[in-house]
Amino acid sequence: MLSTQAQAKKLIISNSDYIHVVQFDEIVFCQSDGCYTHINLHNGQKHTLAKSLSKICVQLSSNQFIRISQTYLINKAFVNKIDRKNKNLYLLDRIIVPFTISLKNLMELISDSIHPKINLTDADNG
């Protein structure tokens, strides 16, 4: 039997036909749409909940997810690239989501999931 910490955290998504059990690791991002939240999964599936993004944030209370704007909550494990100029994040190399928090704050929030940056110009001189 797995310990509580070893068990994957899960989100229950219920609609009129089914109850979906989704592991946190499968969630790429959540997008607010008024009173609804769209949950976008790694496999391309999308589920819509009649809950605000704020309520979803509480359910996904994990250092795995960060709120990058009023509209988006992302799983930082899927961040591939940050476009500083246009303030966009690339998730899975194909999904682009805008962020409104400061770049400094964003880097602090995702820093525990990435290695320290490598300055290629310095490496080239060695």
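Multiplying the residue separation of residue 54 and residue 92 by 0.36 nm and removing their Cα-Cα distance gives an extension gain of 11.3 nm.
Surface calculation, 1.4 Å probe, protein heavy atoms: residue 95 sits at approximately 30 Å² accessible.
Taking Lys and Arg as +1 and Asp and Glu as -1, the other residues whose beta-carbon sits under 13 Å from that of residue 87 total +3.
Residue order by solvent-accessible surface for 57, 35 is 35, 57, largest first, with ligands and nucleic acids left out and a 1.4 Å probe. Taking 19 Å as the straight-line reach from the Cα of residue 81, the lysines in range (excluding those fewer than 8 positions away in the same chain) are 104, 117. Solvent exposure of residue 111, expressed as accessible area, is near 60 Å², computed with a probe of 1.4 Å over the protein chains only. Under the simplified labelling scheme, the residue 80-residue 14 pair shows an inter-label distance of 3.6 nm, with each label point 7 Å from Cα along Cα→Cβ.
With a Förster radius of 35 Å applied to the C-beta separation of residue 36 and residue 108, the computed FRET efficiency comes to 0.70.
The alpha carbons of the range 3-89 stretch over 42, 35, 23 Å along the principal axes, in descending order.
The values are calculated or read from the model by the stated rules, or taken from the named source; none is laboratory data. Values in this document were obtained by computation on a predicted structure and should not be read as measured data. Note that each Cβ is placed from the backbone with ideal geometry, even for glycine, and that neighbours are counted across all protein chains shown. Only protein heavy atoms, including side chains, enter the accessible area calculation; ligands, DNA and RNA are left aside. Shrake-Rupley method; radii C 1.70, N 1.55, O 1.52, S 1.80 Å.
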